[in-house]
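Enquirer: The structure is given below, and queries will be raised subsequently.
The values are calculated or read from the model by the stated rules, or taken from the named source; none is laboratory data. These numbers come from a predicted model, not from an experiment. Here Cβ is always computed from backbone atoms with ideal geometry, including for glycine, and neighbour counts include all displayed protein chains. Side chains are part of the model used for accessible areas, which takes the heavy atoms of the whole protein and leaves out ligands, DNA and RNA. Shrake-Rupley method; radii C 1.70, N 1.55, O 1.52, S 1.80 Å.
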Amino acid sequence: MHDRRKRQPDAGLAACEPVRARRIAILAYDGANALDIFGISEPFARASEILGRGKPADLIFGDEWPYRLSIVAPSAGTVRMISGGHVVTEKLGEPDPADPIDTLIIPGGAGIVPWSVQDGTLAWMRRHSLAARRVCATGGGVFLLAAARLLEGRRAVTRWDVAATLEADYPETRVEHGTTFVRDGRFWTAAGSSSAVDVGLAMVEEDLGRGVAMRIARQLVVVNRRGADQPQISTLLRAQSVEEDIFDGLHQWIADNLGADLRLEQLAAHVGMSTRNFVRRYTEVVGSSPAKTVERMRVEAARQALEAGDGRIECIAHRFGFSSADVFRRVFLRHMGKAPREFRATCRETPVAA
């Protein structure tokens, strides 16, 4: 029999020896987004793998380790994802105090509306949501929580292109715009499919500490782990999303040379335009000035460096083209609402007992 007393915890991990694995129940229905389901589930699965490394295989995903995942529905069967794939669901009956759900996850997808209007769906959702310790909805799944009257008076976020609809349909919900995810009490809401990974990592961090979450992020090859207050769309992607692509090459060049001289004259020369014509044409196409784009991209890069603990603040300011640490502080504060030192302090590892 495995003797848990002999286990030597990894020095980089938060101490975690839960008496019972946390039950993670992920809802599935016809027309759900597969990326929402598997994106948010992966950090939980990786946590058990990391903390169980070197242990017998039958213990890694058993009650000895942090999480026990299942894909659920009101009745067992097979449901079809919007992408065409199928997943097999377990039946989730009435809440069971002997086997409580720790975290209930509601993914988004085109099928959420027809599924939500079926008889008994909202009442079933509400019962399980009120019984769970933590509830998380991504993308369109937020509408299901709102329809079940679980977000009244609470802050919530959904995908940027349907946020106005959520606000209009459920005015009692305080909809936030542009952020990646929001936590209000035990209810978590996330913007969409790609942010499912971000919110999954955040919940693992809450349970097991930042060290575990960052190891998982590195395993998943996440370029940067977005916090709750980070924008859904990066400045580079936003700039590249305009219908005309005449400045795509310029935007990538800017991203690769943030520490260089990026005054208007240099940008205009890079695309072979006069400065005056460049500013006029760029503003018409992109919708903001070149200087604002450069500033936002520098702030985003600096933010990632601060989150990673990558160097002194003065060095970060110089690396990304700010003329001084004081200028960097003022610009960063204007964009992020926090000075660089304060922002970095919030990113330090703070293990949470499981």
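Enquirer: Pairs, please: C-beta under 7 Å, at least 6 apart or cross-chain, first residue open to solvent by 10 Å² or more (accessible area, probe 1.4 Å) and in segment 109-130, second of a type in the set (S, T, N, Q)?
Expert: As it stands, the answer is 109/33; 115/121; 122/116, since those pairs meet every condition given.
Enquirer: Collect the residues in segment 290-336 that are of a type in the set (Asp, Glu) and either in contact (Cβ under 8 Å) with a residue 40 or more places away in the chain or closer than 22 Å to residue 251 by Cβ (or both), keeping them in residue-number order.
Expert: Hits for segment 290-336 are 295, 300, 307.
Enquirer: Next up: Consider residue 259 against the criteria (1) part of a helix (DSSP H, G or I); (2) in contact with a helix residue (DSSP H, G or I) (Cβ under 8 Å, 6 or more places away or on another chain): it satisfies all of them except one. Which criterion is unmet?
Expert: Status for residue 259: all satisfied but (1).
Enquirer: Looking only at residues in segment 265-292 that are within 27 Å of residue 337 (Cα to Cα) and aliphatic (A, V, I, L, M), which one is least open to solvent (accessible area, probe 1.4 Å)?
Expert: 286
Enquirer: Also, quick follow-up: Using the structure shown, decide if residue 329 is in a helix (DSSP H, G or I), charged (D, E, K, R) and modelled with pLDDT of 90 or more.
Expert: Spelling it out, residue 329 is indeed in a helix (DSSP H, G or I), charged (D, E, K, R) and modelled with pLDDT of 90 or more.
Enquirer: So in segment 181-202, with the set limited to residues that are open to solvent by less than 10 Å² (accessible area, probe 1.4 Å) and of a type in the set (Val, Ile, Thr), which one is farthest from residue 101 (Cα to Cα)?
Expert: 182
Enquirer: What number of residues within segment 64-86 satisfy the criterion of being part of a strand (DSSP E or B), out of contact with any Phe, Trp or Tyr (no Cβ under 9 Å at 6 or more places or on another chain) and not charged (D, E, K, R)? Even if it seems obvious, please write down each step before you answer.
Expert: Step one: filter segment 64-86 for residues part of a strand (DSSP E or B), giving 67-73, 77-80, 86.
Add one more test, that the residue is out of contact with any Phe, Trp or Tyr (no Cβ under 9 Å at 6 or more places or on another chain), and what stays is 70-72, 77-78, 80, 86.
Now drop any that are not not charged (D, E, K, R), which leaves 70-72, 77-78, 86.
Final tally of qualifying residues: 6.
Enquirer: Restricting to segment 163-194, count the residues that are among the basic types (Lys, Arg) and in contact (Cβ under 8 Å) with a residue 24 or more places away in the chain.
Expert: 2
Enquirer: If you go through segment 272-292, how many residues are in a loop (DSSP other than H, G, I, E, B), modelled with pLDDT under 90 and of a type outside the set (Ser, Thr, Tyr)?
Expert: 1
Enquirer: Would you check if there is a residue in segment 159-176 being out of contact with any His (no Cβ under 8 Å at 6 or more places or on another chain), open to solvent by 40 Å² or more (accessible area, probe 1.4 Å) and of a type in the set (Phe, Trp, Tyr)?
Expert: yes
Enquirer: Follow-up question, since we're still on this one. Within segment 313-324, count every residue that is open to solvent by 40 Å² or more (accessible area, probe 1.4 Å) and of a type in the set (A, V, I, L, M). Before you say what the answer is, go through the steps one by one.
Expert: Keep residues of segment 313-324 that are open to solvent by 40 Å² or more (accessible area, probe 1.4 Å), which gives 314-315, 318-319, 323-324.
Next, from what is left, pick out any that are of a type in the set (A, V, I, L, M): none.
Counting residues in segment 313-324 that are open to solvent by 40 Å² or more (accessible area, probe 1.4 Å) and of a type in the set (A, V, I, L, M) gives 0.
Enquirer: Regarding segment 293-312, can at least one residue be identified that is open to solvent by 60 Å² or more (accessible area, probe 1.4 Å) and modelled with pLDDT of 90 or more?
Expert: Initially, segment 293-312 is screened for residues open to solvent by 60 Å² or more (accessible area, probe 1.4 Å), giving 296, 304, 308, 310, 312.
Still in the list and also modelled with pLDDT of 90 or more: none.
The answer is no, given that none of the residues of segment 293-312 is open to solvent by 60 Å² or more (accessible area, probe 1.4 Å) and modelled with pLDDT of 90 or more.
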